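Here is the structure we will look at, set down as structure tokens.
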Amino acid sequence: MVDIESAASIDKHRFLTEAFPEFAIATAVLVVRIFARTKAVGFRGWQGDDYFAVLCILFWIIQVVLVKQILNNGVNIGISDEARYELSLMPDEYARFVLGSKCYLASWFIYISLIWSLKACTLFLFNRITLGLWQQKLVKYTAVSVVLSYVAIVLSLCLQCRPIQGNWQVYPDPGDQCTNNPLNYYLIGSTNILTDAILLIVPFPTVNRANIPSSKKIGLSILLSSGIFIIIASILRWVISVQQIDNVSTGAAWAIREGFIATIIVNLPSIYPLFTRFRRNNDDPLIFSPPTNLGRSETTCIGMQRVDSQPDNQEDFKHFIFGLGRRRSNSSISLDGRRDSDGIKITTTYEVA
């Protein structure tokens, strides 16, 4: 009988010891994030990132189930020709490897769906933060690139091995293009890092020109630049997985690690207001004052204190609530969707000349 563990190069115990705690923490963070948003704006106030957060939980669950199947059954990667032939003589063992290989292919789709859903959460958040500012165009351009990159990766996964049954063929050897094709890592790694780098740049022009103390500007920059850790995780997964391309557990372990880090980092801004309300901090709001054009002024406040009403001589055309997009006049707005609450706050006003 073929030794599945040696044939597929899988270290089950070491992998599961790390993967399940990361899965538990990541899903807990997503649940807390959903709770914080629902507490702030209610289900009716949900926006795109809230629905993507729910999808992320679903993708996490599916990913862990698929990885468990891969570990239990084996895959058609890193197997010698002799082992493949021996498997072909044992229908039950062969069927297990076929099932594991199908799960391995499905895990690629779930992995990119999880990572790109987290990118979507970030884009929806940045779209609200940059409402009415020139950076919003950059957010929209980035969203287009994220969608196109996702479509390109899906097409690549579907078309690189023809016929598609070769992805789970064990004997005869279907070839590298159907098993350990490095193109997957190069395409996913490059597009993943590129889009993350763009997302990292988007909020900094606003922070840099903010009318706030340097200490708060540094703190806010650190919060918004934490995405650098996602980029580092993506690079490490890319390099190490390609170097050990026949080792299934290595690629799977780094996929879990990257998803874990990305889940924590992406959801920090949404969870942050929940903890600031517990602290009841009375710091001054952080006021963003971009340049004015043609008599129009825009003010974005991010802080932990109520934003005062606008003067009577200003017409408040547009206020944006984090989670609720609607027009209000002379009111205080918070980033998490609550009025008069502690947390990150946004107000966009226009002065009529």
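The values are calculated or read from the model by the stated rules, or taken from the named source; none is laboratory data. All values reported here derive from a predicted model rather than from experimental measurement. Ideal geometry is used to build each Cβ from the backbone, glycine not excepted, and the neighbour counts take in all protein chains shown.
Condition first: of a type in the set (Lys, Arg) and within 19 Å of residue 245 (Cα to Cα). Now tell me which residues in the stretch 69-113 satisfy that.
84, 102
Among the residues of the stretch 89-118, count how many are within 16 Å of residue 73 (Cβ to Cβ), part of a helix (DSSP H, G or I) and not aromatic (Phe, Trp, Tyr).
Matching residues across the stretch 89-118 total 14.
Can you say whether residue 195 is modelled with pLDDT of 90 or more and either more than 28 Å from the chain's Cα centre (by Cα) or farther than 20 Å from residue 251 by Cα (or both), as far as the supplied structure shows?
Here the answer is yes, as residue 195 does meet what is asked.
(1) among the polar types (S, T, N, Q); (2) in contact with a helix residue (DSSP H, G or I) (Cβ under 6 Å, 6 or more places away or on another chain); (3) surrounded by fewer than 23 Cβ atoms within 10 Å (Cβ to Cβ): which one isn't true of residue 80, the others all being true?
Here residue 80 meets the rest and fails (2).
Quick grid of which residues meet (1) out of contact with any Leu (no Cβ under 8 Å at 6 or more places or on another chain); (2) surrounded by 19 or more Cβ atoms within 10 Å (Cβ to Cβ):
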residue: 76; (1), (2): yes, yes
residue: 86; (1), (2): yes, no
residue: 129; (1), (2): no, yes
residue: 135; (1), (2): yes, yes
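Could you pull out every one of the helices (runs of 4 or more DSSP H) wholly within the stretch 1-83 that has 2 or more residues that are modelled with pLDDT of 90 or more and among the β-branched types (Val, Ile, Thr)?
The helices (runs of 4 or more DSSP H) meeting that bar are 12-41, 48-73.
What are the residues in the stretch 157-192 that are surrounded by 16 or more Cβ atoms within 10 Å (Cβ to Cβ) and part of a helix (DSSP H, G or I), if any?
157, 166, 167, 168, 178, 184, 185, 187, 188, 189, 191, 192
Given the structure, is residue 229 among the aromatic types (Phe, Trp, Tyr) and under 19 Å from residue 267 (Cβ atoms)?
Criteria met by residue 229.
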